[in-house]
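Enquirer: Below you'll find the structure I mean.
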Amino acid sequence: MEIVPLCTDQFTGSIASGGIVNCDRLVIHTHGNSTHTECLRHVVDLPIWISEAPRFFLVIGQLLTVEPKNNTVITADQIISLDQDPFVRAVVIRTLPNDSAKAEKNWSGTNPPYLSEDAARFLSDREIEHLLIDLPSIDPEDDGGALRAHRAFWSLSDSPRVHATITELCFIPDTLSDGFYLVQLGILPLESDASPSHVLLYPAKRL
């Protein structure tokens, strides 16, 4: 990510450099720089934009903490064992270990844990519309382009779920306990496959 003053022959977007206002130019690689939310267009060539994908930006969700098997994969059995509620519309997955350094970690080349295809399909079958995770991707870092978990969650082989979203690199501090939350998903209204995003969790009870 790069943030620098916008400068031309006629304009300086930096007060420190003599300009009358600050005006920054941002270059953001959405999928690799920060918390981001993806829509179906991430894996298909269709005019579906992140600005139009979510039906709701406030939904009841459930925070689940799980330790990937062999520090590699999260399975459907693990999610089921955590009593994933079938009536929520968002699932937030926090992985272990969860030290604070994770929030600033450079994951490139580390082969991070990921979600198994069966786990992604299980959440899709539960009609989870927003899947949030603290890892850089729900798929392996290098899987030859298969993207099995993405495709399973969006149900590409059956009836594509155009309103479902995936949020990655979403750090969840230990101060939040597992349970139910009102999940607020903030995105930019971009005609793109993804947007930088800001997630807020408000403690809630499912009636």
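Here, each number is a calculation from the coordinates, and none is a lab measurement. All figures in this text were calculated on a predicted structure; none of them were measured in a lab. Methodologically, a virtual Cβ is constructed for each residue, glycine included, from the backbone with ideal geometry; neighbour enumeration extends over all protein chains shown.
Enquirer: Mind checking which residues of the range 167-207 are out of contact with any Ser or Thr (no Cβ under 7 Å at 6 or more places or on another chain), surrounded by fewer than 13 Cβ atoms within 10 Å (Cβ to Cβ) and not in a strand (DSSP E or B)?
Expert: Selection gives PRO173, ASP174, THR175, SER177, LYS205, ARG206, LEU207.
Enquirer: Would you point out which residue out of THR75, THR95 is in contact with a helix residue (DSSP H, G or I) (Cβ under 6 Å, 6 or more places away or on another chain) and farther than 21 Å from ILE187 by Cβ?
Expert: Working: THR95 fails: in contact with a helix residue (DSSP H, G or I) (Cβ under 6 Å, 6 or more places away or on another chain).
The conditions single out THR75.
Yes/no per residue for (1) within 24 Å of TYR181 (Cα to Cα); (2) in contact (Cβ under 8 Å) with a residue 40 or more places away in the chain; (3) part of a loop (DSSP other than H, G, I, E, B):
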{"position": "ASP77", "(1), (2), (3)": "yes, no, no"}
{"position": "ILE80", "(1), (2), (3)": "yes, yes, no"}
{"position": "ASP85", "(1), (2), (3)": "yes, yes, yes"}
{"position": "ARG94", "(1), (2), (3)": "yes, yes, no"}
{"position": "PRO97", "(1), (2), (3)": "yes, no, yes"}
{"position": "LYS102", "(1), (2), (3)": "yes, yes, no"}
{"position": "ASN106", "(1), (2), (3)": "no, no, yes"}
{"position": "THR110", "(1), (2), (3)": "no, no, yes"}
{"position": "ARG121", "(1), (2), (3)": "yes, yes, no"}
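Enquirer: Out of the residues in the range 12-44 meeting the condition of being of a type in the set (Ser, Thr, Tyr) and touching a residue at least 24 places away in the same chain (Cβ under 8 Å), tell me which one is surrounded by the fewest Cβ atoms within 10 Å (Cβ to Cβ).
Expert: Step one: filter the range 12-44 for residues of a type in the set (Ser, Thr, Tyr), giving 12, 14, 17, 30, 34-35, 37.
This time we only want the ones that are touching a residue at least 24 places away in the same chain (Cβ under 8 Å), so: 30, 34-35, 37.
Details: THR30: 21, SER34: 16, THR35: 19, THR37: 28.
It comes out as SER34.
Enquirer: So for the range 57-64 (the condition being crowded, with 19+ Cβ neighbours inside 10 Å and more than 18 Å from LEU185 (Cα to Cα)), does at least one residue qualify?
Expert: There is no residue in the range 57-64 that is crowded, with 19+ Cβ neighbours inside 10 Å and more than 18 Å from LEU185 (Cα to Cα).
Enquirer: Something else about it: Tally up the residues in the range 165-186 that are of a type in the set (Phe, Trp, Tyr) and farther than 24 Å from ALA152 by Cα, please.
Expert: 2
Enquirer: Something else about it: Would you mention how many residues in the range 146-160 are within 18 Å of ILE79 (Cβ to Cβ) and not in a helix (DSSP H, G or I)?
Expert: 2
Enquirer: Can you go through VAL4, VAL59 and tell me which one is within 16 Å of HIS130 (Cβ to Cβ) and assigned to a strand (DSSP E or B)? Let's see the steps before the verdict.
Expert: Values: VAL4 fails: within 16 Å of HIS130 (Cβ to Cβ).
The unique qualifying residue is VAL59.
Enquirer: Right, here's the next one. In the range 1-26, which residues are among the acidic types (Asp, Glu) and out of contact with any strand residue (DSSP E or B) (no Cβ under 7 Å at 6 or more places or on another chain)? Before the answer, list the steps.
Expert: If we filter the range 1-26 for residues that are among the acidic types (Asp, Glu), which is where we start, we get 2, 9, 24.
The one that is among the acidic types (Asp, Glu) and out of contact with any strand residue (DSSP E or B) (no Cβ under 7 Å at 6 or more places or on another chain): ASP9.
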